[in-house]
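To start, the structure itself, in structure tokens.
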Amino acid sequence: MGDGPELSVVVPAFNEEENVEAMFERLKAALERTVDGFEVLFVDDGSCDGTWDRITALAKADPRVRGVRFARNFGHQAAVTAGVDAARGRAVVIIDADLQDPPEVIPEMVAKWREGWEVVYAQREVREGESFFKKATAAGFYRLLHAITSVDIPVDTGDFRLMGPRAVAAFRSLPERNRFIRGLVAWAGFPQAPVRYRRHARHAGETKYPLRKMLRFALDGITSFSFLPLRLATWTGFLVSFLAFCYIVVVIVLKILGINWAGYTSIMASLLFLGGVQLIMIGILGEYVGRVFDEVKRRPLYLVRESTDGSVPVVPPER
Ligand code: UDP
Ligand code: MG
């Protein structure tokens, strides 16, 4: 690794054909004079548009560009992982392909890294061009996550960040399939510092994170870093049992006093209430069990169809 460039920039791209070239131009302008050599590693996450053609054309024209193409769409976090696995630079920057994260912030990150911070994360001061719903749910989610985990996951921070060589080594060693990257990097615990920035609107195309994926991603984050939902299930169980026992006493006393009334409504109400509570608790359990199943299967995180320089193996390294 010693003869690699100073910086690798990892860019996950899923159907981003209109952004690839603009991304590289902006990166080039921002990095050419600020770092001692860089490479840009595009990871095509199974795009079905012209993304891969744009990447190969760029790689032909400029040796600083490398591309990895997945066998299918393995997801954003898998794409970032593949990029970090294949990176040759001493430090690695992760950045979205859609130019929402401005490449002009990277020199600032590099400066902080050179000051001695192992991880420099970019914290969103403002988010432009995103719906009120997305902003509100994101803000709520980051705060909830921060409150319920013991790992210090910074709020309003995505994957846009710089990792030094130690953080990269730690990241590569993590075995889990279920990768909530912003949490994993924080979990590693190296000294981290923020850089504040304005998150712009997308350069082109539309979001690849519909509500369904956002929800799944949020659940991944919570289940990977907290047992609180399970504990909540236990507490709810105790609370409901306590209420039930109290009610049993009431019912027995009424029976002894000879007070009886037709019970259809109350029986239906308690039956349905308890059924609902039980199903929710089983659902919470299921979220964890499903993820455990995913982990024990130990399938590769991603599979590589091809890479521009042929250097990236089909199956990722054992970890
Ligand atoms: N992305 C990916 N695979 C996916 C979904 C997204 O590689 O399955 C990439 C996408 O191309 C972009 C980044 O992940 O570079 C963030 O996605 P997006 O901008 O759609 O998310 P948002 O910014 O709307 O949260
Ligand atoms: Mg985006």
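Since every read-out is calculated from the coordinates, none of them should be taken as a lab result. Just so we're clear, the structure is a prediction, and the values are computed from it rather than from any experiment. Here the Cβ positions follow ideal geometry from the backbone for every residue, glycine too, while neighbour counts run over all protein chains shown.
Projecting each Cα onto the charge dipole of the chain (Lys/Arg +1, Asp/Glu -1 at the beta carbon, about the Cα centre), which of Met281, Thr137, Pro210 comes out farthest on the positive side? The residue sitting most towards the positive pole is Met281.
One chain, two ends: Val296 and Asn260. Fully extended at 0.36 nm per residue, the span grows by 7.5 nm beyond their Cα-Cα distance. Residues whose amide H lies under 5 Å from that of Glu39, counting only those 5 or more places away or on a different chain, are Leu7, Ser8, Val9; hydrogens are built 1.01 Å from N in the peptide plane.
When the chain is described by a simple charge dipole with +1 on each Lys and Arg Cβ and -1 on each Asp and Glu Cβ, the residue from Thr234, Ala71, Ile106 located farthest towards its positive end is Thr234.
For the stretch 270-319, what does the equivalent ellipsoid look like in terms of its semi-axes, each the square root of 5 times an eigenvalue of the Cα gyration tensor, given largest first in whole Å?
Numbers: eigenvalues 376, 22, 6 Å².
Those come to 43, 10, 5 Å.
Here the stretch 6-151 was treated as a single set of alpha-carbon atoms; its pair distances binned every 10 Å from 0 give 11, 37, 35, 16, 1 percent. Taking amide H as placed 1.01 Å from N in the peptide plane, the amide H of Val195 sits under 5 Å from that of Tyr121, Ala122, Gln123, each at least 5 places away or on another chain. Here the dipole of the chain is about 1040 debye; that uses its Cα centre as origin and unit charges on the Cβ of Lys and Arg (positive) and Asp and Glu (negative). Taking only the Cα atoms of the chain, the ratio Rg/Rh comes out at 1.12, with Rh defined as the Kirkwood radius.
Axis angle, to the nearest 10 degrees, between helix 228-256 and the longest C-alpha principal axis of the chain: 10 degrees. Label-to-label distance for Phe217 and Ala136 is 1.9 nm, based on points extended 7 Å past Cα in the beta-carbon direction.
The charge dipole of the stretch 145-238, taken about its Cα centre with unit charges on the Cβ atoms of Lys, Arg (+1), Asp and Glu (-1) only, comes to about 320 debye.
Working from Cα pairs under 8 Å separated by at least six residues, relative contact order for the stretch 110-266 is 31 percent. Listed peptides 271-277, 19-25 appear in the order 19-25, 271-277 once ranked by packing, highest mean of other Cβ atoms within 10 Å at the front.
If N is the number of residues in the stretch 206-261, what value comes out of its Cα radius of gyration divided by 2.2 N^0.38 Å?
2.12
Once you reduce the stretch 113-170 and the stretch 213-246 to the center of their Cα atoms, the two points are 25 Å from each other. Summary value for the stretch 11-132: 32 percent relative contact order, contacts being C-alpha pairs under 8 angstrom separated by 6+ residues. Using the alpha-carbon positions of the stretch 164-306, Rg (one decimal) and Dmax (whole number) come out as 24.3, 80 Å.
Across the stretch 72-77, rounded Karplus estimates of 3J(HN,Hα) from the backbone phi angles (6.51 cos²θ - 1.76 cosθ + 1.60, θ = phi - 60°) give 7, 7, 9, x, 3, 5 Hz, Gly and Pro being marked x.
Summarise the long-distance tail of P(r) for the stretch 151-224 by giving the % of C-alpha pairs beyond 16 Å. Every Cα pair in the stretch 151-224 considered, those over 16 Å come to 59 percent. Against the empirical curve 2.2 N^0.38 Å, the C-alpha radius of gyration of the stretch 87-210 lands at a ratio of 1.05. Charge dipole (Cα centre; +1 on Lys/Arg Cβ, -1 on Asp/Glu Cβ; no other charges) of the stretch 193-236 amounts to roughly 220 debye. Rounded to the nearest whole Hz, the Karplus-based 3J(HN,Hα) values (6.51 cos²θ - 1.76 cosθ + 1.60, θ = phi - 60°) of the stretch 264-281 follow the sequence 4, 5, 5, 5, 4, 4, 5, 4, 5, 4, 5, x, x, 4, 4, 5, 4, 5, with x at glycine and proline.
Of the beta bridges DSSP finds with both residues in the chain, what % are antiparallel, to the nearest 5?
Working: 10 of 34 bridges.
Taking every DSSP beta bridge within the chain, about 30 percent pair in antiparallel fashion.
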